[in-house]
Amino acid sequence: MMNTPHQATQTRRELHAVYEISKTLASSLDVAKTFREALNYLLHAFDWRRAFVVLGEPDGMLRGLCAVGLSRAEQQRLQFRPGEGIVGRTYASGMPSIVPDVSAEPLFLNRTGGADQTPGATVAMFAVPIRTDRRTVGVLAVDCLNPGKRRVFDENLKLLKMVSTLMGQALLLQHSVSAGANSLQEEMRRMHKLSKPRHRIEHVVGVSAPMQEVFEQVHLVAAARTTVLLRGESGTGKEVIARAIHGLSPRSREPFVCVNCAALTESLLESELFGHEKGAFTGAQGQRKGRFEMAHGGTLFLDEIGDISPAFQAKLLRVLQERQFERVGGSAAVKVDVRLILATNRNLERMVQAGEFRADLYYRINVVSIQLPPLRERREDIPAMAQYFLERFNRENARSVRFDAAAIRVLTSCYWPGNVRELENCVERTATMTHDDIITDLAFPCQGNRCLTQVLHHIEREDAVRPGRLAAIAVTEIPVPPRASSGAAATAEFPDSDLAAVEPPPAIAAADDPPEDAASAPDQDAPPQPTDDDDNGKPEGERDRLIWAMEQCGWVQAKAARLLKITPRQMGYALRKHAIEIRKF
């Protein structure tokens, strides 16, 4: 059947309206703005009076999203419960509604006063549901004049169904994008929260979990007067943490006094801590206050507390118990209010068991113990710490040196037995000796086998084996005379008067013997016969071989003996024979 010219014109208008509305809805994710523009276009294109969109909210109510032809007060009254009025019934049923005359419809609530704007005129209303993902989320409602009650709304209803479908897709897209954006923002906030340190301490770099735990302990203990024992390897920054505890405490305005107990003898340490009276000893020309008095009201930091003598441990214990002391050469008691922070890199528990450290003093100072992790256990802090040291070097020397990515990888992969102090020295040394403003991986001494740490600390690691300068030298045995059958023979070979005391007792020597038959087993002290491969690249002379083996094994005598394929007793005899001094670290 041929379409009439009116039907063709109406179809073109509807297609043009759908095209324009689809462009409008796709122009922005602000659905309130795009829906209002779409309604405004519909009212002008089809000579309708008013239109609005209501959406369901989490509380179950339908509230207005946007409207055209309604005042602000009328828009505020766009609230419906599901099933209430024409709009509520359309939302609840999910089916479109057509009302040719709102004045004759019992469900029409006239909440916005639409029926009163044109007295005596017939007002028609139709509402279509807005659906997304097979559920109704809102309602699109339009009213228009219907003179004579003859107007047919079938064509308009088809148009509104298409518009409501487009609006539903726009809402679905907006919800999807918003959910994705919210999820991304939440993930960014979570990652930022994880990466952002919970606690900060001035002049201390530490974003790793171990250091954050230390920072948390510092913040907790700083407010109290409790004695703190800082433990950790040398160079881990115990003094910096002690200053941080003092700076965060109520005593921050009072003095912070440091004493290195390992740098002074017992008599000097007593005078340094407690002070002395005039004439107490030769050179004491006047009264002098000790560090306890100087730190009155503040904090006293005693470093290397594990190195003090047993006699001074008793004197320090009395001060900790009574909070008073007497100056050297004096008899008057001096009372002080001092908070003590102590530090050590030694195993105090083992020292207590060995009788080298008083148990009562250990219990007195071990109130709150904070263990500082070594640098190798918090490698994620190394890049930031290296950058901190480099920036300080640039400020002090008017330079603009920086690291490249390869240099950071080298620093992160190092073992750092000297911890933070060694890292600081390495950065300063490399920045000083570099010719360019960029520090590459080749600028570090360890890349050319010139790192002194590799010589002093030969550390065997499974995670990273760095070839050293001596790695290519073959391991050789050292010819040592066989064990003497008696103490006299041993003394003749090694004429030290106390050599007999070095010889292990028979029970210990028997434990070292192999479990073979004594008649058939070779002498365990006889040196093994060298092979052809043993002489490749070996140092010349027995003394050089001994020194090389001890350096390879970090001056651990038992390891060096295994490296040279001799017994520990042979190693000890050979070291004494060549007068090689054992280095201790």
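The values are calculated or read from the model by the stated rules, or taken from the named source; none is laboratory data. These numbers come from a predicted model, not from an experiment. FYI the Cβ positions are ideal-geometry reconstructions off the backbone, even for glycines, and counts take in every protein chain you see. Note: areas computed on protein heavy atoms with side chains; ligands, DNA, RNA excluded. Shrake-Rupley method; radii C 1.70, N 1.55, O 1.52, S 1.80 Å.
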- Taking residue 284 and the conditions (1) at pLDDT below 90; (2) surrounded by 14 or more Cβ atoms within 10 Å (Cβ to Cβ); (3) assigned to a helix (DSSP H, G or I), which numbered condition does it fall short on, given that it satisfies the others? (3)
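Which of the residues belonging to the range 317-334 are without any contact (Cβ under 8 Å) to a residue 24 or more places away in the chain and either assigned to a helix (DSSP H, G or I) or open to solvent by less than 30 Å² (accessible area, probe 1.4 Å) (or both)? I'd like the intermediate steps shown before the answer.
The first filter runs over the range 317-334 and keeps only residues without any contact (Cβ under 8 Å) to a residue 24 or more places away in the chain, leaving 318, 322-324, 331-333.
Result: 318, 322.
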- Task: Can you give me the number of residues within the range 335-373 that are assigned to a strand (DSSP E or B), open to solvent by 70 Å² or more (accessible area, probe 1.4 Å) and closer than 25 Å to residue 268 by Cα?
- Result: 1
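Does residue 290 satisfy the criteria of being more than 14 Å from residue 338 (Cα to Cα) and not basic (Lys, Arg)? Explain how you work it out, then say what you get.
Details: more than 14 Å from residue 338 (Cα to Cα): no; not basic (Lys, Arg): yes.
Taking the combined requirement at face value, the residue does not satisfy it.
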- Task: Under 6 Å between Cβ atoms, at least 6 apart or on separate chains: pull out the pairs that start in the range 127-146 with a residue that is under 15 Å from residue 62 (Cβ atoms) and end on any residue that is open to solvent by 10 Å² or more (accessible area, probe 1.4 Å) and of a type in the set (Val, Ile, Thr).
- Result: 129/136; 130/137
- Message: Given the condition open to solvent by 70 Å² or more (accessible area, probe 1.4 Å), modelled with pLDDT of 90 or more and over 25 Å from residue 300 (Cβ atoms), answer yes or no: does some residue in the range 208-229 qualify?
- Response: yes
- Residue that is modelled with the highest pLDDT [pool: residues in the range 89-110 that are open to solvent by less than 40 Å² (accessible area, probe 1.4 Å) and among the hydroxyl-bearing types (Ser, Thr, Tyr)]: 90
- Residue pairs meeting the criteria (Cβ under 8 Å; at least 6 apart or on separate chains; first within 16 Å of residue 27 (Cα to Cα), in the range 171-195; second hydroxyl-bearing (Ser, Thr, Tyr) and modelled with pLDDT of 85 or more): 171/132; 172/132; 175/132
- Message: Test of understanding: among 21, 86, which residue is closer than 15 Å to residue 156 by Cβ, open to solvent by less than 30 Å² (accessible area, probe 1.4 Å), assigned to a helix (DSSP H, G or I) and modelled with pLDDT of 85 or more?
- Response: 21
- The residue from 314, 244 that alone is open to solvent by less than 60 Å² (accessible area, probe 1.4 Å), in a helix (DSSP H, G or I) and farther than 25 Å from residue 206 by Cβ is 314
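Any residue that is of a type in the set (A, V, I, L, M, F, W, C), open to solvent by less than 40 Å² (accessible area, probe 1.4 Å) and assigned to a strand (DSSP E or B) - is there at least one of those in the range 28-41? Give the derivation first.
Of all residues in the range 28-41, those of a type in the set (A, V, I, L, M, F, W, C) come to 29, 31-32, 35, 38-39.
Checking the rest, the ones that are also open to solvent by less than 40 Å² (accessible area, probe 1.4 Å) come to 31-32, 35, 38-39.
This time we only want the ones that are assigned to a strand (DSSP E or B), so: none.
No: the range 28-41 contains no residue that is of a type in the set (A, V, I, L, M, F, W, C), open to solvent by less than 40 Å² (accessible area, probe 1.4 Å) and assigned to a strand (DSSP E or B).
Quick one: which of 254, 266 is touching a residue at least 12 places away in the same chain (Cβ under 8 Å), open to solvent by 70 Å² or more (accessible area, probe 1.4 Å), more than 30 Å from residue 139 (Cβ to Cβ) and more than 35 Å from the chain's Cα centre (by Cα)? So that I can check it myself, show each step before the final result.
On the way: 254 fails: more than 35 Å from the chain's Cα centre (by Cα).
That would be 266, the only listed residue that is touching a residue at least 12 places away in the same chain (Cβ under 8 Å), open to solvent by 70 Å² or more (accessible area, probe 1.4 Å), more than 30 Å from residue 139 (Cβ to Cβ) and more than 35 Å from the chain's Cα centre (by Cα).
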- Query: Just a yes or no: is a residue in the range 378-399 closer than 30 Å to residue 315 by Cα, touching a residue at least 60 places away in the same chain (Cβ under 8 Å), within 21 Å of the chain's Cα centre (by Cα) and not in a helix (DSSP H, G or I)?
  - Reply: no
- Message: Name the single residue that is farthest from residue 16 (Cα to Cα) among those in the range 61-78 being open to solvent by 30 Å² or more (accessible area, probe 1.4 Å) and at pLDDT 90 or above.
- Response: 61
- Query: Within the range 368-389, can one find any residue that is modelled with pLDDT of 90 or more and aromatic (Phe, Trp, Tyr)?
  - Reply: yes
- Report whether or not residue 419 is touching a helix residue (DSSP H, G or I) at 6+ places or on another chain (Cβ under 9 Å), open to solvent by 30 Å² or more (accessible area, probe 1.4 Å) and at pLDDT 90 or above. no
- Message: Which pairs turn up if I take residues in the range 31-44 that are without any contact (Cβ under 8 Å) to a residue 40 or more places away in the chain and basic (Lys, Arg) and look for partners that are open to solvent by 70 Å² or more (accessible area, probe 1.4 Å) and outside any helix (DSSP H, G or I) with beta carbon separation below 8 Å, at least 6 apart in sequence or on another chain?
- Response: none
- Message: Which count do you get for residues in the range 552-566 that are part of a helix (DSSP H, G or I), open to solvent by 40 Å² or more (accessible area, probe 1.4 Å) and either in contact (Cβ under 8 Å) with a residue 24 or more places away in the chain or not hydrophobic (A, V, I, L, M, F, W, C) (or both)?
- Response: 4
- The one condition residue 462 fails out of (1) over 24 Å from residue 571 (Cα atoms); (2) at pLDDT 50 or above is (2)
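Could you please let me know if residue 113 is open to solvent by less than 50 Å² (accessible area, probe 1.4 Å) and more than 60 Å from the chain's Cα centre (by Cα)?
Judged against the criteria, residue 113 is a match.
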- Note on the structure: Residues of the range 69-83 being assigned to a helix (DSSP H, G or I) and either over 19 Å from residue 102 (Cβ atoms) or basic (Lys, Arg) (or both), in sequence order, are 72, 73, 76
